[in-house]
Amino acid sequence: MARILLIVSAADHLRLADGTDHPTGFWAEEVAESHRVLTEAGHHVDIATPGGRRPSADPISFDERGGVDPAAGAKFRAYLATLDGLVAPLNLADAGDYDAFYLPGGHAPMTDLADDPVLGRLLTRADADGKIVAALCHGVAGLLAARRDDGSFVFGGRTLTAFSDEEERQGGLGEKSPFFLESRLRELGAEVTPGTPWSSTVVVDRNLVTGQNPQSSVDTAARVAAALDAGSIS
């Protein structure tokens, strides 16, 4: 059994390009399905947020406003209600030793994870140690926090995917987005290889596992579980 830290954004709003605040949070499917797949695979999952603040789900991640079937949204809501770690998460700054670090999305990570120095140090150390670093959808924005002493991006030159610019324009915030994640990653030297919009797309580059969008939630978690099993972590 491996120990996995699910790092969830605690932000409830995002400052848009026009200076207004947009309500947000973590994306229900990404947390619920990732947690379910990893625990059903026999692994232990803890939940942490910056400062140990209680996170909240993006309200549109439960219904048609977010392109979610209401029946599926009800299933996600019921599963999330069973997770004590969402009520009293660990403080990210107090994170202990884990075998894998997993960042689900929703637009919220663009607010409090993309430049969090605690997260940056944690991911930099995890990557240097060859531990699994996984990120899903806008959770990939959390990777942006990982910088070397010279300011360069730790994951520059690595192959990955993320919520694509096309998806942001089709069904995200469009031009109101404070930045386009795919473009920002490319600017920092990452090799971004998005799949067809809204397809389940997962990219694995050594210990780095990334999923593109909510549709990739199950497959991303399954790839992490498989990688942990292949490493014979007990």
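The values are calculated or read from the model by the stated rules, or taken from the named source; none is laboratory data. As the structure is a computational prediction, the values presented were derived from the model and not from experiment. Heads up, the Cβs are rebuilt from the backbone with ideal geometry, glycines too, and the neighbour counts pull from every protein chain shown. The accessibility values were calculated without ligands, DNA or RNA, using every heavy atom of the protein model including side chains. Shrake-Rupley method; radii C 1.70, N 1.55, O 1.52, S 1.80 Å.
Enumerate the pairs (first residue in region 72-100 and in a loop (DSSP other than H, G, I, E, B); second residue anywhere and crowded, with 18+ Cβ neighbours inside 10 Å) with beta-carbon separation below 6 Å, excluding pairs fewer than 6 apart on the same chain, so at least 6 apart or on different chains.
Short answer, once both residue conditions are applied: P89/I47; P89/A48; P89/T49; A95/L5; A95/A48; Y98/L5; D99/A2.
Determine whether A135 is part of a helix (DSSP H, G or I) and either closer than 25 Å to D46 by Cβ or open to solvent by 10 Å² or more (accessible area, probe 1.4 Å) (or both). Talk me through it step by step, then tell me what you get.
Working: part of a helix (DSSP H, G or I): no; either closer than 25 Å to D46 by Cβ or open to solvent by 10 Å² or more (accessible area, probe 1.4 Å) (or both): yes.
Spelling it out, it is not the case that A135 is part of a helix (DSSP H, G or I) and either closer than 25 Å to D46 by Cβ or open to solvent by 10 Å² or more (accessible area, probe 1.4 Å) (or both).
Working only within region 191-209, note down all residues that are open to solvent by 30 Å² or more (accessible area, probe 1.4 Å) and either closer than 22 Å to V154 by Cβ or of a type outside the set (S, T, Y) (or both).
Within region 191-209, the subset open to solvent by 30 Å² or more (accessible area, probe 1.4 Å) is 191, 193-194, 196-200, 202, 204, 206.
Scanning region 191-209 gives E191, T193, P194, P197, W198, V202, V204, R206.
Looking only at region 213-228, how many residues end up being touching a residue at least 60 places away in the same chain (Cβ under 8 Å) and closer than 14 Å to A28 by Cβ?
Residues that pass the stated criteria total 4.
Where residues in region 1-45 are more than 14 Å from the chain's Cα centre (by Cα), surrounded by 14 or more Cβ atoms within 10 Å (Cβ to Cβ) and of a type in the set (G, A, S), which of them is nearest to Y98 (Cα to Cα)?
A2
Answer yes if at least one residue in region 179-190 is more than 15 Å from G105 (Cα to Cα), aliphatic (A, V, I, L, M), modelled with pLDDT of 95 or more and buried (at least 22 other Cβ atoms within 10 Å of the Cβ), and no otherwise.
yes
Of all residues in region 138-151, which are touching a residue at least 24 places away in the same chain (Cβ under 8 Å) and open to solvent by less than 50 Å² (accessible area, probe 1.4 Å)? Working first, answer last.
Just the residues of region 138-151 that are touching a residue at least 24 places away in the same chain (Cβ under 8 Å), to begin with: 138-148.
Correct list: H138, G139, V140, A141, G142, L143, L144, A145, A146.
May I ask you to list the residues in region 46-66 that are open to solvent by 50 Å² or more (accessible area, probe 1.4 Å) and either assigned to a strand (DSSP E or B) or closer than 14 Å to L173 by Cα (or both)?
I60, R65
Residues are listed down the side, and each one gets a yes or a no for (1) under 17 Å from the mean Cα position of the chain (by Cα); (2) of a type outside the set (G, A, S); (3) within 30 Å of G231 (Cβ to Cβ):
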| position | (1), (2), (3) |
| --- | --- |
| A57 | yes, no, no |
| V68 | no, yes, no |
| G73 | no, no, no |
| L80 | yes, yes, yes |
| A93 | no, no, yes |
| T111 | yes, yes, no |
| A114 | yes, no, yes |
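State which residue is farthest from G195 (Cα to Cα) when the search covers only region 138-169 and only residues that are within 10 Å of the chain's Cα centre (by Cα), among the aliphatic types (A, V, I, L, M) and not in a loop (DSSP other than H, G, I, E, B). So that I can check it myself, show each step before the final result.
Applying the first criterion (within 10 Å of the chain's Cα centre (by Cα)) to region 138-169 yields 138-143, 162.
Remaining after also requiring among the aliphatic types (A, V, I, L, M): 140-141, 143, 162.
So of that shortlist, the ones also not in a loop (DSSP other than H, G, I, E, B) come out as 140-141, 143.
Details: V140: 15, A141: 18, L143: 19 Å.
Looking at the filtered set, the residue picked out is L143.
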